[in-house]
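Accompanying notes for the structure given below.
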Amino acid sequence: MHLVVVGMGAEFQEWFCLDLSKPRANGEYPIVLFDARDNALDQQFYDDFGQMLNEVLGFVADSLEQPLD
């Protein structure tokens with residue numbers, strides 16, 4: 001097995017995974033989206049876990065700045 005789940009996707013049975021079969025020169029792994037409904041990889045989303053974390057935390061920070069209606 002070369003995928004390690006690191007997060008849930010936006011849709012039911014979608015998972016963000018480290019793809020351990022494609023190590024980078026710096027030792028990092030790309031983040032891909034696995035769709036369990038199709039039992040297939042959908043696409044690469046992030047170059048590495050750090051990029052994923054930065055984008056997710058940025059989204060959370062932006063969301064928290066929005067007033068509640």
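The values are calculated or read from the model by the stated rules, or taken from the named source; none is laboratory data. Remember, it's a predicted structure, so these values are computed and weren't measured experimentally. Positions of Cβ are backbone-derived with ideal geometry, glycine not excepted, and every protein chain shown enters the neighbour counts. For accessibility, only protein heavy atoms count, side chains too; no ligands or nucleic acids. Shrake-Rupley method; radii C 1.70, N 1.55, O 1.52, S 1.80 Å.
Structure values in brief
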read-out	value
Within the accessible area of the chain (1.4 Å probe), percent carbon and sulfur	56 percent
Neighbour cut-off at most 13 other Cβ (10 Å), DSSP loop, chymotrypsin sites (Phe, Trp or Tyr not before Pro), the range 1-66	Phe12
Helix-only [θ]222 nm of the chain, DSSP H runs n ≥ 4, -39500 (n - 2.57) each, per residue, nearest 500	-8500 deg cm²/dmol
With Cα atoms, 0 to 90° folded angle of helix 49-65 axis to the chain main axis	10 degrees
Amide H within-cut-off set for Val6, under 5 Å, with H built and near neighbours excluded	Phe16, Cys17, Leu18
Heavy-atom accessible area order for Leu64, Leu18, Leu57, largest first, 1.4 Å probe	Leu64, Leu57, Leu18
Among Glu55, Glu11, Glu28: highest mean-square fluctuation, GNM of the chain, C-alpha pairs under 10 Å	Glu11
